[in-house]
Amino acid sequence: MKALDSKGGGQIGRVFYVAPAFFAFLFCVHLGCVQAEITIEITQGSDSAVPIAILPFGQEAPIAPFSSVIQQDLQRSGRFQAVQSHKFPEKAVRSSELTLSAWQNLGVESIVVGRIQPLSSSQYQVIFELVDVYKGQQKMLPSQNGTPDNPSLFIQNNSVLLAQEFIIHASESRKLAHQISDIIYERLTGERGIALTRIAYVSVVVESKQGSEYRLEVADLDGFNPRVIMRSKKPLMSPDWSKDGSKIAYVSFENGRSEIFIQNVSTGRREKIAPYMGLNTAPAWSPDGNKLALSLSKDGNSEIYVLHLETKRLERLTNDGAIDTEPAWAPDGKALIFTSDRGGEGKPQIYQFSFETRATKRLTFEGDYNARGRFTSDGRHIIMVNRQNGQFHIAVQEVETGTVFWLTDGVFDESPTVAPNGRLVLYATKEGGKGLLQAVSVDGRVRLRLPAREGEIREPAWSPFPIGLRGKGLSL
Amino acid sequence: MRWQISFFVSVTCHILLLVALFWVGFPHVFSPIRPLFERNIDIIEAVAIDERELQTELKKIKSQKQGERSAEKAAGEAQKKRVKEEKRLEELRIERLKEAKKLEELKKQKQKEEENREQRERERIEEEKKRAEAEKAAKVAKESAERASAEKTRLAQEKVGYYVDVIKQKIQSHWIPSGQNLSCLLRIRLLPGGSVVGVAVIEGSGSLAFDDSAVRAVHKASPLPVPQEPELWNQFRDFTVRFKPQ
């Protein structure tokens, strides 16, 4: 009975405490709605290329066409879409002359402006600026209740992302243009650019009377400044750059059999480093530059060796009855991959040798022909030649998962070489019976053909990152 | 008057005698079966009895007369008594009536009280009922209010979710990420209508290129789609965006 009484009495009491609690709850919900900070998660972006405008550099007439070189470099990277110059709403050679809103309407994200001043007959001052079309528009705005809460968050940002000055010789203008491309590329993508890199390749020029001439050439990535560093009536093969970009190792048949030479790119001085009996092939510089992996048949059949360049000591890595060749180093230098037909004659696969365990394991299983493997610079992928239905494609295999994607769909694509930033793969292909070079991005999205060269081009080798010209940052 | 009384007495005696004779002698006369002998004896004896009976009868009459006189006297008294009695009875009757009336009234009063009590009880029940109904209604109202407010909150959340989605889509369509496996957090301030007036990197990714690409995406997506309703819009005045490509 007591309980009943208290219940009866509690009815009112409850209303008295339930109601405020209820309203307090509502209030909290209301407050919660107002004060809950919304955080939006952006998990994916667009695949499209960044629209960029490279305005003509002021007074560029006497030397290289900076803006068109930069435009082509950026375009070639696959990451940028250069706006055509006839669409430009205005002319400018410095950031202060720009009307950003006009460029926003054009959909441009970044603008490059620059100017060239002759300092002497052969010396020039080159200044360029990289402008973010959107960044400059931020203004400080007091918050709703009048107090500028955290005003530092909303200060006006300078729209100029980069401003640099270079003093160059006229002959360096093209190099500087590539370098500027790489500086812009890196600032906007966060990765190093490759416009300044070079490629080595073998060209075969057929001279009807004396037969063919083999040339080992080095050129800018865009095909400019080709230079023959070695000529031979006998085949030249397998060029590979030293990690500092100063030397190239290659195979020459000039003495009637395959021998390995190392040649200084700028001086032309060369040295025979593998004069062993049998086949001496497939030199590959180690990441530290002190060793050369190669394939030698001096002990019977082709095996993988490591040559310690300073001591000339040879270290044998493989020992079996099959052909082991085409070694390539992992970026950390702790492992090698190579091609071997130990799994079946005429069915080469890629194997990995670990220096730590000195064990060898097979890496490729997709298809009956996988050869000439090359690591990407992050070591996460292997680029290789994969045969499918009698056709040779460039394929990429994810090391961790073993997943394979085709990057090309040619009939005879071969000799892939990976850009030092790991973004692009250069490979040799045949078109109309003629060998030429093409490039494809590792994600398969960008494909481009490099400018045609004289003769038939084979076996490209991508240089490491070169050292650029010295510049000076200008205060923004 | 004296002779009258004597005459009346003698007549009465003769009548009595005659009655006595008939009652004793006639059955013998009219009874042929009875022997004569018996009849004789009877007569003698009858004479003797008659005498005695007469005496007693006389006495009786005397006393009767006396009794009659006293009876008359008594009758008178009785009459008086009766009248008195009647009067008393009448009074009693009246009294009883009165009492009955009183009782009736009492009864009525009691009934009225009972009725009142019942009325009060009914009222109380009614009130109880009303109160219960009111309580129930209040409860229902409260519940429906709660439901309504929950519904409102849900709707608001749904709407906020919708705008979060469309803002996300718009920013994503404008974002060309510079880098992978990176993450940055931006704070965005909008004007009513969705125009971006401020973007700040509150948590950088470590890569300028990546952070810039995120900031650019927000600016390029401006104006962002935002709700018109003030209480919803308030949530979009100032918010954060996490850029984390997957």
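If you check B:Val226, B:Val164, B:Val201, B:Val218 for being more than 7 Å from chain A (Cβ to nearest Cβ), surrounded by 13 or more Cβ atoms within 10 Å (Cβ to Cβ) and more than 30 Å from A:Ile184 (Cα to Cα), only one passes: B:Val226.
Being under 20 Å from B:Arg237 (Cβ atoms) and in contact (Cβ under 8 Å) with a residue 60 or more places away in the chain is true of B:Val160. Considering (1) within 20 Å of the chain's Cα centre (by Cα); (2) in a strand (DSSP E or B), the lone condition that A:Thr325 does not fulfil carries the number (1). Looking at segment A:397-413, can you tell me whether even one residue there is of a type in the set (Asp, Glu) and in contact (Cβ under 8 Å) with a residue 24 or more places away in the chain? Scanning segment A:397-413, I find at least one residue that is of a type in the set (Asp, Glu) and in contact (Cβ under 8 Å) with a residue 24 or more places away in the chain, so the answer is yes.
For segment A:26-78, a residue qualifies if it is within 13 Å of chain B (Cβ to nearest Cβ), surrounded by 20 or more Cβ atoms within 10 Å (Cβ to Cβ) and modelled with pLDDT under 90, and exactly one does: A:Ser77. Against the definition (in the same structural domain as A:Ile248 (by TED's automatic domain parsing), of a type in the set (Gly, Ala, Ser) and touching a Phe, Trp or Tyr at 6+ places or on another chain (Cβ under 7 Å)), how does A:Ala395 come out, yes or no? Here the answer is yes, as A:Ala395 does meet what is asked. Every listed requirement among (1) at the interface with chain A (Cβ under 9 Å from one of its Cβ atoms); (2) buried (at least 20 other Cβ atoms within 10 Å of the Cβ) is met by B:Ser173 save one, (2). When we screen A:Ala219, A:Ala249 for residues that are assigned by TED's automatic domain parsing to the domain that holds A:Lys291, in contact (Cβ under 8 Å) with a residue 60 or more places away in the chain and closer than 23 Å to A:Arg372 by Cβ, the only hit is A:Ala219.
Here B:Phe239 passes the criteria (1) among the aromatic types (Phe, Trp, Tyr); (2) assigned to a strand (DSSP E or B); (3) closer than 25 Å to A:Ser110 by Cβ except the one numbered (3). The residue pairs whose first member lies in segment B:202-213 and is free of Cβ contacts under 8 Å to residues at least 24 places away in the same chain, whose second member is acidic (Asp, Glu), and whose beta carbons are closer than 8 Å, counting only pairs six or more residues apart or on different chains, are B:Gly204/B:Asp211. For segment A:79-120, a tally of residues being among the basic types (Lys, Arg) and under 20 Å from A:Gln164 (Cβ atoms) returns 2.
The values are calculated or read from the model by the stated rules, or taken from the named source; none is laboratory data. Just so we're clear, the structure is a prediction, and the values are computed from it rather than from any experiment. Every residue, glycine among them, receives a Cβ derived from its backbone with ideal geometry; neighbour counts consider all protein chains shown.
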